[in-house]
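These notes are about the structure you will find just below.
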Amino acid sequence: MDELLYVVAAPFKQHAADFMSVREFEFSLSFGLKWMSPENAAKVRNTALSLQLVEINEDKLIPKFDVTKVDIPRGFRPSEKIFHERPLIEQIMAMISACSGLDKKNVAALISRKQENLGDLVDIEIAALVVAREIGCDINNIYSKVLADMFPNMK
C-alpha cells in the first residue's frame, strides 16, 4: 500500500477515531508518533487534502478511505520522500487506491489495461483519470494539475 496512506491513517488508527481536529492530526504525527516536525506534519495534511485522502468539515479532518483496511507494517517509519512532490501519476494512483481500497499493483494494472483499451492513444495520466472516474472516485481537484502538466504553456 502507499506510504502516504499509512501516514495519514496512523493518527486515526492510534486514536481509534473517525475524525480529528487538524491540530490533533498534526500533533499525533509529530509528537505522538514522533515521525516528523510540525511543519512536515502540516505538509502531509496539505498533501492528503489535495489528494482527497481526507476532507475538512468544521475544522475536523475526516478520512475519505476506510482506515480499518489499512494495515501499517510493524516498525513502519515514513521516508523523507513523502515530503517531496510526487509525480502526477503517483498522485492519481494514490487517490484511486484510497477511494477503491485496491493496492498500488492492482491500480497500476487497471490503468495499464485502460490505456491499452484506448489504443495507447492517451497519456497514462488520462487513462488513470478515466479509471478513477469509472470507479467513482472524486477527482475534480486533480484536473487542473493534469491540465497544467499536459499543457504547460496554457494560461
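The values are calculated or read from the model by the stated rules, or taken from the named source; none is laboratory data. For clarity, every value in this text was computed on a predicted model and none was experimentally measured. Here Cβ is always computed from backbone atoms with ideal geometry, including for glycine, and neighbour counts include all displayed protein chains.
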task = Could you figure out which of (1) over 19 Å from D18 (Cβ atoms); (2) outside the structural domain of F27 (by TED's automatic domain parsing) isn't true of P73?
result = (2)
query = Looking only at residues in the range 17-59 that are in a strand (DSSP E or B) and of a type in the set (S, T, N, Q), which one is surrounded by the fewest Cβ atoms within 10 Å (Cβ to Cβ)?
reply = N57
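Matching residues to (1) out of contact with any strand residue (DSSP E or B) (no Cβ under 6 Å at 6 or more places or on another chain); (2) charged (D, E, K, R):
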| position | (1), (2) |
| --- | --- |
| N46 | yes, no |
| L49 | yes, no |
| E55 | no, yes |
| E58 | yes, yes |
ask   = assigned to a helix (DSSP H, G or I) and touching a Cys at 6+ places or on another chain (Cβ under 9 Å): does that describe A128?
value = no
inquiry  = Considering only residues that are surrounded by 15 or more Cβ atoms within 10 Å (Cβ to Cβ) and outside any helix (DSSP H, G or I), which ones fall in the range 77-121?
reply    = P78, R86, L102
request  = Keeping to the range 28-41, report how many residues are more than 15 Å from S79 (Cα to Cα) and either in contact with a Ser or Thr (Cβ under 9 Å, 6 or more places away or on another chain) or modelled with pLDDT under 90 (or both).
outcome  = 2
message = Among the residues that make up the range 31-43, is at least one of them assigned by TED's automatic domain parsing to the domain that holds S79, touching a residue at least 40 places away in the same chain (Cβ under 8 Å), under 22 Å from S97 (Cβ atoms) and within 15 Å of the chain's Cα centre (by Cα)?
response = yes
key: Residue within the range 55-65 that is closer than 20 Å to K81 by Cα and either in contact with a Lys or Arg (Cβ under 8 Å, 6 or more places away or on another chain) or among the aliphatic types (A, V, I, L, M) (or both) present   = no
First in the range 60-78 and of a type in the set (A, V, I, L, M), second anywhere and part of a loop (DSSP other than H, G, I, E, B) and modelled with pLDDT of 90 or more, Cβ under 6 Å, 6 or more apart = I62/F19
key: Residue count, the range 105-117 (criterion: touching a helix residue (DSSP H, G or I) at 6+ places or on another chain (Cβ under 6 Å) and either closer than 22 Å to N46 by Cα or hydrophobic (A, V, I, L, M, F, W, C) (or both))   = 3
Residue list for the range 122-138, filter: more than 16 Å from the chain's Cα centre (by Cα) and surrounded by 13 or more Cβ atoms within 10 Å (Cβ to Cβ) = V122, D123, I124, I126, A127, V130
